[in-house]
1. Name the single residue that is farthest from residue 209 (Cα to Cα) among those in region 391-415 being out of contact with any helix residue (DSSP H, G or I) (no Cβ under 8 Å at 6 or more places or on another chain) and in a helix (DSSP H, G or I).
2. Does region 341-362 hold any residues that are in contact (Cβ under 8 Å) with a residue 24 or more places away in the chain and over 19 Å from residue 436 (Cα atoms), and which are they?
3. Would you check if residue 66 is crowded, with 22+ Cβ neighbours inside 10 Å, touching a helix residue (DSSP H, G or I) at 6+ places or on another chain (Cβ under 9 Å) and either farther than 22 Å from residue 233 by Cα or at pLDDT 95 or above (or both)?
4. Scanning for something assigned by TED's automatic domain parsing to the domain that holds residue 296, part of a helix (DSSP H, G or I), under 30 Å from residue 439 (Cβ atoms) and out of contact with any strand residue (DSSP E or B) (no Cβ under 9 Å at 6 or more places or on another chain), does region 371-385 turn up at least one residue?
5. Go through region 237-282 and give me each residue that's surrounded by 15 or more Cβ atoms within 10 Å (Cβ to Cβ) and under 18 Å from residue 360 (Cβ atoms).
6. Pull out all pairs, ordered by first then second residue, where Cβ-Cβ is under 6 Å, the residues are six or more apart or on different chains, the first lies in region 75-90 and is over 12 Å from residue 123 (Cβ atoms), and the second is assigned to a loop (DSSP other than H, G, I, E, B).
């Protein structure tokens, strides 16, 4: 495939060359809407990602968390011109699949299908952004669906532990709640119909949206269609004013009891700087994630396999996960350990902190450091195998900053980052006194009438 050939050619380029191997044609309409077109090959297919620069970070009013995610649901409710059923039928006729997701910093809607569908699709999408229509009954129905989604998601002990960790790690910043929102706010959501309208009016504005179109497309034709269909959309995004929270100065720790039988969990998080204000901070976050916490690291091999050459101890865990990603503001760097039943929490913590302290002291394997940098660059490129993968990668890396140049900035910074940079970063942000800790263990709920 031509896509694969392009990836290989990109790998052969000097490190100073842009990491992203396709030309991006960016147009900004008079209303502020950004349209980015990336022509790739002649496969006959496209992917479109619509990135809205609003996520759970923007839920600043007390008692109103969860609305960014809620509007991900509502955006599929349709308009007067294209009610939900008519929209679904048209997309089926065009052969287009769609979906969406919400993050802390942005919301993304994605569509993919044959390139011949694009002209009609632009009209459909412009209509829902400018004329979204839902009744109070629709609103209440969907808010109950969101509550059901919350109950399903947080029946997972790791999801629950992360919710508790986020709340524990922040005092005031809206990263304190997960993208789903606080449970009490979701339960109260059915009575917030009027507020929902104001939230939409504040954030779903053209200057807060970036449309990425990737695949077998004509740049001029896409840009002309975007102007024609979205040009009349008006309005300005309301500002969100937040202050970063500095790293913790004292360890915070809670025990979360879990009623159903499950293996013990340990979730730990540290606050790290914004990864959009400085690309080097993003690169360093990626390096910590993969140098210290990937499956090939000494820490994870020691915890899971008990390799005496790395940790001199028995296996204490079945799985170690780290899911940090780029954030607009100073964010949580979380890890999760699914421990063995007989594992002692403090012993697991000691191993984790010991490996971080070794990095902070400058004990960094130069060969592994170079291998991690190489892996990060090449795995990104080798994942760009289809219009959807390309558009999805651009959306994910550019969503927090709303800048499609973020991928090149972060990976250029990665190439120049040194072991001493990693040492300084870990020393500054990953101390034992700077961590929030949630231990989750099975604790049966006492039967009614019983005494402890």
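1. 408
2. Correct list: 341, 343, 359, 361, 362.
3. Answer is yes for this residue.
4. yes
5. Hits for region 237-282 are 247, 248, 268, 269, 270, 271, 272, 273, 280, 281.
6. 77/134; 80/133; 84/77
Residue by residue, here is whether (1) more than 20 Å from residue 209 (Cα to Cα); (2) touching a strand residue (DSSP E or B) at 6+ places or on another chain (Cβ under 6 Å); (3) outside any loop (DSSP other than H, G, I, E, B) holds:
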site	(1), (2), (3)
57	no, no, yes
63	yes, no, no
69	no, yes, yes
81	yes, no, no
86	yes, no, yes
89	yes, no, yes
93	yes, no, yes
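The values are calculated or read from the model by the stated rules, or taken from the named source; none is laboratory data. For clarity, every value in this text was computed on a predicted model and none was experimentally measured. No Cβ is skipped: glycine too gets one built from the backbone with ideal geometry, and neighbour counts run over all protein chains shown.
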